[in-house]
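Student: My structure is below; once you've seen it, I'll send some questions.
The values are calculated or read from the model by the stated rules, or taken from the named source; none is laboratory data. Remember, predicted model here, so these are calculated numbers, not experimental data. Note: ideal-geometry Cβ built from the backbone for every residue, glycine included; neighbour counts use all protein chains shown.
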Amino acid sequence: MEHLSPLERELLDCVQQLTDASVRSNEALSDLEKRSTGLLNERLERLETCLSASINLQAQFNAGLLGLLTDPASYNEHSDTLNNVMNSIAQIQSKINGGLQ
């Protein structure tokens, strides 16, 4: 470095500053990626839970509807089942629409 001209030293300083800035930028982007990946994984897990619950509710709804169609005498029981399923579906929709953001 003793044989460098003032202009070369200045250029070398600029290169060092750019290198340092690049390292800091890379660290910041890595941290951002980790946070974003964590949020995405959390949202995917919640979505998976909601989907699983929806599938279970669909089976309950189908059973209640089949019972209503094949056993009209127990209308109240099957009607309650269908209403409970619909309320649960509304809760899942609320989680999906509001809770996964």
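Student: Does region 87-101 contain any residue that is modelled with pLDDT under 90, surrounded by fewer than 10 Cβ atoms within 10 Å (Cβ to Cβ) and part of a helix (DSSP H, G or I)?
Tutor: Checked region 87-101: at least one residue is modelled with pLDDT under 90, surrounded by fewer than 10 Cβ atoms within 10 Å (Cβ to Cβ) and part of a helix (DSSP H, G or I).
Student: Across region 68-95, what is the total count of residues that are closer than 24 Å to Leu51 by Cα and out of contact with any Cys (no Cβ under 7 Å at 6 or more places or on another chain)?
Tutor: Here the count works out to 16.
Conditions tested, residue by residue: (1) in contact with a helix residue (DSSP H, G or I) (Cβ under 8 Å, 6 or more places away or on another chain); (2) in a helix (DSSP H, G or I); (3) β-branched (Val, Ile, Thr); (4) more than 18 Å from Val85 (Cα to Cα).
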site: Leu4; (1), (2), (3), (4): yes, no, no, yes
site: Glu8; (1), (2), (3), (4): no, yes, no, yes
site: Gln16; (1), (2), (3), (4): no, yes, no, yes
site: Glu27; (1), (2), (3), (4): no, yes, no, yes
site: Leu40; (1), (2), (3), (4): no, yes, no, yes
site: Glu48; (1), (2), (3), (4): no, yes, no, yes
site: Leu51; (1), (2), (3), (4): no, yes, no, no
site: Asn62; (1), (2), (3), (4): no, yes, no, no
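Student: Looking for whichever is exposed (fewer than 10 other Cβ atoms within 10 Å of the Cβ), among the hydroxyl-bearing types (Ser, Thr, Tyr) and farther than 30 Å from Gly98 by Cα here; the options are Ser22, Ser5. Which one fits?
Tutor: Going through Ser22, Ser5 in turn, the sole match is Ser5.
Student: Further, regarding this structure: For region 51-83, how many residues are in contact (Cβ under 8 Å) with a residue 24 or more places away in the chain and not aromatic (Phe, Trp, Tyr)?
Tutor: Within region 51-83, residues that are in contact (Cβ under 8 Å) with a residue 24 or more places away in the chain and not aromatic (Phe, Trp, Tyr) number 4.
Student: A further question follows. How many residues are under 30 Å from the mean Cα position of the chain (by Cα) and over 20 Å from Leu40 (Cα atoms) if we restrict to region 54-101?
Tutor: 19
Student: Is it true that Val85 is in contact with a Leu (Cβ under 6 Å, 6 or more places away or on another chain) and among the β-branched types (Val, Ile, Thr)?
Tutor: yes
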